[in-house]
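Data first, discussion second: the structure below is written as structure tokens.
The values are calculated or read from the model by the stated rules, or taken from the named source; none is laboratory data. Computed from a predicted model, the values in this text were never measured in an experiment. Here Cβ is always computed from backbone atoms with ideal geometry, including for glycine, and neighbour counts include all displayed protein chains.
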Amino acid sequence: MKITYSIIAPIYNEIDNLPELYRRVKEVMDSNGEPWEFILVDDGSTDGSTEKIRELAEKDKTIRPVIFARNFGHQVAITAGWDYARGDAIVIIDADLQDPPEVILELAKKWKEGYEVVYAVRGEREGESWFKLWTASLFYRLIYRITDVKIPVDTGDFRLMDRKVVDVLKQMKERHRFPRGMSAWVGFKQIGVTYKRAARVAGVTKYPFRKMLQLAVNAITSFSYFPLQVATFFGFFSAGVAILAIPVVIVMRIAGSGAFFGQATTLIAVLFLGGVQLISLGILGEYVGRLYDEAKGRPLYIVRTVPED
Ligand code: UDP
Ligand code: MG
């Protein structure tokens with residue numbers, strides 16, 4: 001049977017959300033009438049979600065489980081979903097129901113109008129801490145400013161993509177992935193649909209600050225050289241200051257002024273420049289490390305169970 005919609009949900013310890021996720025997605029997609037499949041990517045869950053997914057898949061063949069051998073991360077789970085999807089339109093949705101499944105039909109409507117990427121824009125967000133809202137807002141705007149691709153602000157991974165787009169994305173084998181950036185990068189006819197982001201139904205966020213930071217670094221390094229350019233800028237700036245300072249110091253010395261001779265001044269200058277150099281080296285290291293990861297060419301993910309057929 002020809003599948004029209006592939007719904008992909010990455011799952012990491014979402015046992016309490018799974019039944020409700022299944023129920024609501026099924027309700028929406030069945031009401032739509034077109035054939036669909038539900039790809040549940042288990043990203044190394046340890047709370048019994050894996051067994052729950054297997055159980056659901058046993059009863060309902062619409063569900064196609066992809067079980068990872070360990071936790072590979074949200075972005076990689078989405079990628080695996082793309083690899084196994086067979087539909088003409090591919091939808092990514094969070095498993096915690098923060099992205100209401102009902103919105104899928106609105107995305108589908110735009111797709112039918114001929115748009116190839118329909119991304120969901122977070123108009124309002126419920127049940128998030130001010131810290132998350134603030135860092136998220138800052139993140140989206142920073143990415144927009146400094147990267148070469150115009151990644152729409154306030155847009156997560158919740159989106160519908162045409163088969164054509166996903167076929168292109170599948171060829172992009174980069175290791176440190178930022179799917180929403182990748183899907184903006186490919187071009188095609190894109191449009192946003194605004195929705196109200198709900199609160200998590202159950203469980204806690206799987207994005208602690210550390211992972212959020214990692215995602216931000218991946219997004220920036222994947223799509224821009226800005227951090228490297230900052231290092232260059234600092235280099236020119238310090239060199240410029242030095243060139244200006246040298247004649248001043250010489251003149252003052254000849255004039256017999258005691259200024260600029262203190263140890264503290266020297267110490268500050270050395271520490272400051274040392275710091276700038278180490279930071280620059282660290283930035284360079286981020287890019288070199290990523291190059292190394294690419295060069296190793298390891299598989300992006302390892303699956304324990306692939307869907308049947
Ligand atoms: N997720 C995943 N692997 C991870 C972390 C998260 O598959 O290592 C999934 C998680 O189960 C959820 C989605 O990614 O379906 C978004 O995660 P979460 O809701 O924790 O992020 P937030 O909405 O708080 O940004
Ligand atoms: Mg969430």
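Could you check how many residues of the range 242-273 are out of contact with any helix residue (DSSP H, G or I) (no Cβ under 8 Å at 6 or more places or on another chain) and under 27 Å from LEU142 (Cβ atoms)?
Of the residues in the range 242-273, 1 are out of contact with any helix residue (DSSP H, G or I) (no Cβ under 8 Å at 6 or more places or on another chain) and under 27 Å from LEU142 (Cβ atoms).
Okay, residues lined up against (1) part of a strand (DSSP E or B); (2) of a type in the set (Ser, Thr, Tyr):
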site	(1), (2)
ALA9	yes, no
ASN13	no, no
ARG24	no, no
MET29	no, no
ILE39	yes, no
SER45	no, yes
THR50	no, yes
GLU58	no, no
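If you check every pair at least six apart or on different chains, which have Cβ atoms under 7 Å apart with a residue in the range 199-212 that is β-branched (Val, Ile, Thr) first and a residue that is within 10 Å of ligand 1 (Cβ to nearest atom) second?
The qualifying pairs are VAL201/ASN17; VAL201/ASP96; VAL201/LEU97.
Of the conditions (1) over 24 Å from ILE90 (Cβ atoms); (2) in contact with a helix residue (DSSP H, G or I) (Cβ under 8 Å, 6 or more places away or on another chain), ALA219 fails just one. Which one is it?
Among (1) over 24 Å from ILE90 (Cβ atoms); (2) in contact with a helix residue (DSSP H, G or I) (Cβ under 8 Å, 6 or more places away or on another chain), ALA219 violates only (1).
Just one of ILE63, ILE67, ILE90 is β-branched (Val, Ile, Thr), within 15 Å of ligand 1 (Cβ to nearest atom) and touching a residue at least 12 places away in the same chain (Cβ under 8 Å); which is it?
ILE67 is the lone residue from the list that is β-branched (Val, Ile, Thr), within 15 Å of ligand 1 (Cβ to nearest atom) and touching a residue at least 12 places away in the same chain (Cβ under 8 Å).
With the requirement that a residue be touching a residue at least 40 places away in the same chain (Cβ under 8 Å), more than 16 Å from ligand 2 (Cβ to nearest atom) and more than 13 Å from ILE151 (Cβ to Cβ), what does the range 170-198 give you?
LYS170, LYS173, GLU174, ARG175, HIS176, ARG177, PHE188, LYS189, ILE191, VAL193, THR194
With THR205, THR194 as the choices, which residue is closer than 30 Å to ARG86 by Cα and at pLDDT below 85?
THR205
What tally of residues in the range 176-197 results from selecting those that are out of contact with any Phe, Trp or Tyr (no Cβ under 6 Å at 6 or more places or on another chain) and buried (at least 16 other Cβ atoms within 10 Å of the Cβ)?
So the count comes out to 14.
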